[in-house]
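Working notes for the structure below.
Just so it is clear, none of the values below were taken in a lab; they were calculated from the coordinates. Model, not experiment: these values are computed from the prediction. Here the Cβ is made from the backbone with ideal geometry for all residues, glycine too, and neighbour counts use every protein chain on show.
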Amino acid sequence: MMKKGFTLVELILVVTILGILSALVLPTFRGHIVMARETAAKDNLKVIRTQIEIYKMNHNGVPPGYINGSEAPTALLALQFTATTTLTGAVSPSTIPAGAYVNGPYIKKLPVNPYNKLSTIAYVAQAIAFSAAVDGTSSGWLYKKETAEFKVNWTGNDSEGTAYIDY
């Protein structure tokens, strides 16, 4: 009587081939993941920086981060992007322009930092360099309201050797 099935040698051979293939393919996928995160970070920065410039044009050259000439709390900074504002930067929680709140919204929601998955923004004082403020964990983004500079909060260098903070 003949039994049909695989021999132990055939099974070992198949498992070995699968192991070799996975060892060849996995580094390629990891490389693509790194490149996708780098591209996402650059694209998010481009969008936010463009919206900051539009905000400045709508608010007589004043960037987000100010209300009536005074520093706005960090929580209101996010609303200056995602809700409507007056000419002086006062924020309405509405996304529909009405009354004095005629500017905005500039984006639907703040993008997520692709490295630490945070969408929060932290102020960086004008006298502090971004390289000294970056920690990768406290917020998704870093912002200097005095200069309207917006950076990704992530340490280290990308696949081409450029520091993430220099994006």
Residue with peak Gaussian network fluctuation, the chain [Cα springs, cutoff 10 Å], from LEU79, LEU110, LEU24: LEU24
Among GLN80, PRO64, LEU45 - extreme Cα towards positive end, dipole of the range 37-84, charges at beta-carbon: LEU45
Extension reserve of the GLU160-LEU8 stretch, reckoned as 0.36 nm per residue once the Cα distance is removed: 50.1 nm
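Report the net charge of residues surrounding ALA78, where surrounding means a beta-carbon distance below 14 angstrom and charges are Lys +1, Arg +1, Asp -1, Glu -1.
Values: positive: LYS108, LYS109, LYS145; negative: none.
Taking every other residue near ALA78 into account, the sum is +3.
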Highest-MSF residue in the chain out of PRO93, PRO114, PRO64 [GNM, Cα springs under 10 Å]: PRO93
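Please tell me the relative contact order of the chain in percent, rounded to the nearest whole number, where contacts are Cα pairs under 8 Å and at least six residues apart. Show your work: numbers first, answer last.
Values: 245 pairs, mean separation 26.4, N = 167.
Rounded, it is 16 percent for the chain.
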Convex hull of the range 65-145 built on C-alpha atoms - directionally averaged projected area, nm²: 5.5 nm²
Lys/Arg +1, Asp/Glu -1 at C-beta; the chain dipole; positive extreme among MET2, ALA163, LEU118: MET2
Principal semi-axes in Å for the range 59-98 [√(5λ), Cα gyration tensor, largest first]: 15, 12, 7
Spatially proximal lysines relative to LYS46 (Cα-Cα < 19 Å; intrachain offsets below 8 disregarded): LYS56, LYS108, LYS109, LYS117, LYS144, LYS145, LYS151
Helix-derived mean residue ellipticity, 222 nm - over the chain, DSSP H n ≥ 4, -39500 (n - 2.57), to 500: -13500 deg cm²/dmol
FRET efficiency for VAL112 and LEU24, using Cβ-Cβ distance with R0 set to 30 Å, rounded to 0.05: 0.40
In nm, spacing of pseudo-spin labels at VAL15 and THR82 (7 Å Cα→C-beta vector): 5.0 nm
Overall Cα dimensions of the range 1-158, principal axis frame, Å, largest first: 91, 37, 21
